[in-house]
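The block underneath contains the structure these notes are about, expressed in structure tokens.
The values are calculated or read from the model by the stated rules, or taken from the named source; none is laboratory data. Please read all numbers here as calculations on a predicted model, not as lab measurements. Here the Cβ is made from the backbone with ideal geometry for all residues, glycine too, and neighbour counts use every protein chain on show. All accessible areas refer to the heavy atoms of the entire protein, side chains included, with ligands and DNA or RNA removed. Shrake-Rupley method; radii C 1.70, N 1.55, O 1.52, S 1.80 Å.
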Amino acid sequence: MWEDGDRPGALVPADGAVSVTMCELALATPQWHVGVSPQAPVPVRKLTAQVDAMVAELNALPTREVLEAELRQREAAKGRVLGDDLHIGEVCTAVGYGTSLSFVVHYGDERKPAVVLVDRN
């Protein structure tokens, strides 16, 4: 079952995970990037050691709201106040990453893999 968006708590089930695969899908280069070569395919990387630690890192990722609150607090401590209309992921959605990043958690039983899509913005 696919779920969309941030939510508090664990992103993926931690019990029984046997591997985590990091996938980077090369994206088409937008037309406005004149003279930029398309990203070469990125090899898939599969982690089979310390899988529990990687799953714990994925499950510890903050929601967008928590991350935004931490950023506002950090900037306020530096004397910079961010406007209420400034939100993570909405500042610049065309940063120009050449790949889309995801992690696929595989289990040792009949469960389907869990997929975590990463929004780098």
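A simple packing score, the average count of other Cβ atoms within 10 Å per residue, orders the peptides 13-23, 53-63 as 13-23, 53-63, with the highest score first. Stretching A69 away from T21 to a fully extended chain increases their span by 14.3 nm, per 0.36 nm per residue minus the current alpha-carbon distance. Straightening the chain between L47 and H87 buys 11.1 nm, computed as 0.36 nm per residue apart minus the Cα-Cα spacing. When V42, V66 are compared by accessible surface with a 1.4 Å probe, the order from highest to lowest is V66, V42.
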